[in-house]
1. Which pairs have Cβ atoms under 7 Å, sit 6 or more apart or on different chains, and link a residue in segment 57-86 that is in a loop (DSSP other than H, G, I, E, B) to one that is of a type in the set (Phe, Trp, Tyr)?
2. Can you name every residue in segment 87-110 that is of a type in the set (Gly, Ala, Ser), within 15 Å of ligand 2 (Cβ to nearest atom) and part of a loop (DSSP other than H, G, I, E, B)?
3. I need the full set of residues from segment 199-250 which are within 16 Å of ligand 1 (Cβ to nearest atom) and small (Gly, Ala, Ser), in order please.
4. From the residues in segment 294-321 that are among the small types (Gly, Ala, Ser) and open to solvent by 10 Å² or more (accessible area, probe 1.4 Å), which one is nearest to Gly344 (Cα to Cα)?
5. Report, ordered by the first and then the second residue, all pairs with beta carbons closer than 7 Å, sequence separation of six or more or different chains, a first member in segment 242-263 that is in the same structural domain as Arg299 (by TED's automatic domain parsing), and a second member that is open to solvent by 60 Å² or more (accessible area, probe 1.4 Å) and at pLDDT below 95.
6. Name the residue, out of Val31, Val25, Val73, that is away from ligand 1 (no atom under 16 Å from the Cβ) and open to solvent by less than 50 Å² (accessible area, probe 1.4 Å).
Amino acid sequence: MIAIVLVGGEGTRLRPLTLDEPKPVLPIGGVAFLSLLLDRLAAAGVTRVIFSCGYLPDRLRAGIGTPPAGVEVEVVIEDEPLGTAGAIRFAAAGRVDGPFLALNGDVLSDADLGALVRAHTAAGATASIGLTPVDDPTRFGVVVCDQDGNVERFVEKPPNADGLGPAPWWVNAGFYVLDPSVLDLVPPDQMVSIEREVFPLLVGKGLIACQAEGYWRDIGTLQSYLAANADAIGGRLQTRLGGSPTTLIVDPTATVAAAAQLIAPVLIGAGAEIAAGAVIGPDVVIGAGSRIGARSIVRSAVLLDGVEVAADATIERSVLGRGATVGERSSLLDSALGTGEIVGSDQALTDERRPS
Ligand code: GDD
Ligand code: MG
């Protein structure tokens, strides 16, 4: 089985983190999102993964690392963004000759992709969409089905829930099985959205949907990125890290002062240094080589590699990009710092400075 993974988006809602790092490369519980996705695809029996990208392709390639045994990886680069359907068509050209998986590259899930493939085959479907329940349908593609799973309507980002039935709403979870004939519906070399232009055409023509069980989260926003990290270290999402509510994973090369306090779940990377009196956790990931000064408080936060937080600072519900620096007594709430960004001493940042 082949899987095409869409990773062309610029991750605008995660700026400034994504200004120089594509979203799929960002770590979740200390492991690049892409590596977690490859683990999952390998477990579903996928042997070839094609990443469809355009934004920062070199960083993306570097972030893939070593794929799991038995999985061949290829990166296909668009000159211009072709939209979700255009990108799938471009990546599939000359590479697929039977039903294949297509996935949004920003969805963290442990849903059984093999089950979707089996449902697709059993129904003789043209296209099959995995579904997940949400409370706010306006940010997703809402799928309305009959009892047999035949899709009756596909509405991408409805302005409100009017006419969509009661909560919870079942939405496109961002993974599909597609018959190659679907590609014939996509005009070449132009921007085409599978959600807005292709799925509506397939309603009544072999488009089915299956409810996916298990963990599911779109990591598109700062809040969801933090929540995904908390879920991975807290064990609500099982990853190769093997997190649990009591996770206190401190790399053997990290230094934690005896008078520092760690509140599980916490993950501290290689060579990190935590000074006396610091309080770290819960729900904190500290990247390799990062340093936390004396008495600083870090809670519900992700610090990527090489971050420096001086003494008496407070970091809460925030993400600090690689090599970012925070001065003494500064506080960051609901904030994100980009790579190498510097916040001086005695500053107070809140979400106001983040782009919406
Ligand atoms: N290669 C490529 N080219 N990839 C693209 C392009 C493109 O032009 N445009 C978007 N992508 C990738 C993004 O990187 C992301 O991984 C995926 O396609 C989906 O795009 P998003 O921009 O993240 O869409 P969304 O989150 O607003 O909505 C989508 O996902 C929801 C589930 O999270 C839709 O598929 C919804 O229907 C769905 O419910
Ligand atoms: Mg998304």
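The values are calculated or read from the model by the stated rules, or taken from the named source; none is laboratory data. Predicted model, so just to flag it, every value in this text is computed and none were measured. FYI the Cβ positions are ideal-geometry reconstructions off the backbone, even for glycines, and counts take in every protein chain you see. The protein model used for the area step is the full one, side chains on, heavy atoms only, and it has no ligands, DNA or RNA in it. Shrake-Rupley method; radii C 1.70, N 1.55, O 1.52, S 1.80 Å.
1. Glu78/Phe90; Leu82/Phe90
2. As a first pass, look at segment 87-110 and keep what is of a type in the set (Gly, Ala, Ser): 87, 91-94, 98, 102, 105, 109.
Retained after the next criterion (residues that are within 15 Å of ligand 2 (Cβ to nearest atom)): 87, 102, 105, 109.
If the condition is that a residue be of a type in the set (Gly, Ala, Ser), within 15 Å of ligand 2 (Cβ to nearest atom) and part of a loop (DSSP other than H, G, I, E, B), then Gly105 is the only one that fits.
3. Matches in segment 199-250: Ala209, Ala212, Gly214, Gly220, Ser224, Ala227, Ala228.
4. Out of the qualifying residues, it is Ala310.
5. Leu262/Leu248
6. Selected residue: Val31, the only one of Val31, Val25, Val73 that is away from ligand 1 (no atom under 16 Å from the Cβ) and open to solvent by less than 50 Å² (accessible area, probe 1.4 Å).
For every residue, the table says whether it meets (1) small (Gly, Ala, Ser); (2) part of a loop (DSSP other than H, G, I, E, B); (3) under 29 Å from Ala230 (Cβ atoms); (4) open to solvent by 20 Å² or more (accessible area, probe 1.4 Å).
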position: Ser128; (1), (2), (3), (4): yes, no, no, no
position: Val144; (1), (2), (3), (4): no, no, no, yes
position: Trp170; (1), (2), (3), (4): no, no, yes, yes
position: Pro188; (1), (2), (3), (4): no, yes, no, yes
